[in-house]
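First up is the structure itself, then whatever we jot down about it.
The values are calculated or read from the model by the stated rules, or taken from the named source; none is laboratory data. Quantities reported herein were computed from a predicted structural model and do not represent experimental measurements. Note that each Cβ is placed from the backbone with ideal geometry, even for glycine, and that neighbours are counted across all protein chains shown. Ligands, DNA and RNA are stripped out before the accessible areas are found, and what is left, the full protein with its side chains, is counted by its heavy atoms. Shrake-Rupley method; radii C 1.70, N 1.55, O 1.52, S 1.80 Å.
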Amino acid sequence: MTNRVLPISQALRRIFGSGRGMNGVGIAAAVVLFVSLNVLGARFFTRWDATREGLYTLSPPTIETLKSLKDPLEVVVFMSRRDPLTSSVGYMLDAYRTHTTQLDVTFVDPDRDPAHFIALQRKYGIFEGKTDNGRLATEASIVVVRGEKHWFITTDDMVALDDEQAATKPKLEQALTEGIAAVLGRQKVKVCLTQGHQELGAAAGGPQGIGELRALLDRNNYETRAVDLALGEPTAALNGCQLVLVVGPLAPFASEASAALAEHVADGGSLLLAVGPIVDDSGAISDPGLERLTAPWGVHLQRSLVFERDDTLSLPIGFGGEVFLATPLVHPTTQALMVGPDARLRVVFQLAGEVALDDASSAVGVLQSSKRAISVGSFKALANGEFVDAPGDAERKRFLAAAFERPVQNGQSRGARVVVMGSASPLWSSTWIEPSLLGTRRFVEGAISWLAAQPPLISVPEKSAQPAGLFLTEDSLSEVQRYVLLYVPLTVLALALLVLFKRRSDNVVETSREGADS
């Protein structure tokens, strides 16, 4: 028997030309590809949100909060696998964990592990009827834990149902981020809202109230209370106030109240004056009575109403021009509105007065109008087309808000900070209700955080409402019918023919090779 030596090319053809050899090479290549993809995925991890409304795309406030975490937090989810919200909560927490390693998430299924569920209920104290934040214990679905601090999130916190519109509004990101902020353990800042001059009070509801602002402060660990500067001793009423808000007074301030505010600032307290033009019965704009307070700082609330005549900035509401977009200038209060020296977002003002600054003033303008803005001294003058601008004075920008910080004195940790605005409209509840007012929201939050020397307020924009049911039109039904009766069967048939053709081709090639070798 003689040994038959095959050429190398023929030997390789026999090995790899056979179906068994090709299967082995294919399996090896698949293993190498799988391992390579896993290594690359571990080193270059990226998430994509394929939902139409970006339901799992985190907002900048959430990302900033997560990146600032220094200590570990625990999130315990008490939800059954059958709960329709469980998947959404899981996806959202996965998105959170891509921005921090300080989040430890535990899912507890009451149906599968009732003993563990009851034990954790007792551990976090939610078995006695109500939680620490006043909700019924049976409603607590998520617990955010940091040390001894707990924050409870209910189903109502995660999603809102609009029966009239038959739609749901996701609120999961807001609830989780606010829960994390609530357990971070910052010291409460005492905020006082003045009363006695027809200001917008803390309980004022509606779009032009400040109920949403107070709710935002409460959620961010601020302690708010009302102080009446028209009764008793106004200076004593401000004792203990770290930040004072004067929002939209409709009556001039008495000298005693103005002096009390000045003394508050002199003692190192911060102040936000959101004072629009005060109109009397004749339609003229009155003196707000705060000149004694602001003049020593080189700041003056002008007795005029600013109208914006730049068509790109004014909004077509009312007379036209009294609702407009103010442009932010570089300052810590406007940091969230800027990209370098350029404005990324603008602030909506309505019925705003000018905030004038002396040349020697230490205050700086933080919001301004365009050069085409004009001023009027009364609504009657507006109807007659009479303006208060002097000749040659019309072509100039007007400040709508200014800010300054007093020098440190008397052993204070920092100087008093003051923000003066020519309108109260940025603080209205509509700022946090209307998604289009994001720039206004960011400015108010930045101003309050700067005044209180605290981290940025956590205010997560709301997601768009989603239909709560399935609605099919005649066209939709026809399209479904085409997919079910035509497109899907044809696709399956095409795949079957392709597989059959491939198999027959392989059989023909294999038969021809065997004939050649023999």
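Some observations on this one:
- Verdict on ALA326 being at pLDDT 90 or above, under 19 Å from TRP428 (Cβ atoms) and surrounded by 15 or more Cβ atoms within 10 Å (Cβ to Cβ): yes
- Test: residue in region 74-92 that is aromatic (Phe, Trp, Tyr), open to solvent by 50 Å² or more (accessible area, probe 1.4 Å) and under 22 Å from the mean Cα position of the chain (by Cα): yes
- Test: residue in region 296-303 that is open to solvent by less than 10 Å² (accessible area, probe 1.4 Å) and either in contact with a Lys or Arg (Cβ under 7 Å, 6 or more places away or on another chain) or at pLDDT below 90 (or both): no
- Matching entry among ASP228, ASP218 (being in contact with a strand residue (DSSP E or B) (Cβ under 8 Å, 6 or more places away or on another chain), modelled with pLDDT under 90 and of a type in the set (D, E, K, R)): ASP218
- Region 273-334 holds strands (runs of 3 or more DSSP E) entirely within its bounds, and those carrying 2 or more residues that are of a type in the set (A, V, I, L, M) and under 18 Å from GLY439 (Cα atoms) map to 323-328.
- Residue in region 47-57 that is at pLDDT 70 or above and open to solvent by 70 Å² or more (accessible area, probe 1.4 Å) present: yes
- The residue that is modelled with the lowest pLDDT, counting only those in region 155-192 that are in contact with a Phe, Trp or Tyr (Cβ under 6 Å, 6 or more places away or on another chain) and over 21 Å from VAL145 (Cα atoms), is VAL189.
- Qualifying positions in region 318-337 - without any contact (Cβ under 8 Å) to a residue 40 or more places away in the chain and closer than 19 Å to PHE404 by Cα: LEU329, VAL330
- Any hit, region 114-133, residues being assigned to a helix (DSSP H, G or I), modelled with pLDDT under 75 and among the small types (Gly, Ala, Ser): no
- So GLU308, is it within 17 Å of PHE399 (Cβ to Cβ), open to solvent by less than 10 Å² (accessible area, probe 1.4 Å) and charged (D, E, K, R): yes
- Applying the set (1) open to solvent by less than 70 Å² (accessible area, probe 1.4 Å); (2) more than 28 Å from GLY318 (Cβ to Cβ); (3) of a type in the set (A, V, I, L, M) to LEU337 leaves exactly one unmet item: (2).
- Test result for GLU148, among the charged types (D, E, K, R), open to solvent by 60 Å² or more (accessible area, probe 1.4 Å) and modelled with pLDDT under 65: no
- The number of residues in region 376-385 being at pLDDT 65 or above and either aliphatic (A, V, I, L, M) or buried (at least 20 other Cβ atoms within 10 Å of the Cβ) (or both) comes to 2.
- GLY353 fulfils the conditions (1) open to solvent by 10 Å² or more (accessible area, probe 1.4 Å); (2) assigned to a loop (DSSP other than H, G, I, E, B); (3) not aliphatic (A, V, I, L, M) except for a single criterion, (1).
- Among the residues of region 227-248, none qualifies, meaning not one is of a type in the set (A, V, I, L, M, F, W, C), surrounded by fewer than 18 Cβ atoms within 10 Å (Cβ to Cβ) and under 18 Å from TRP428 (Cα atoms).
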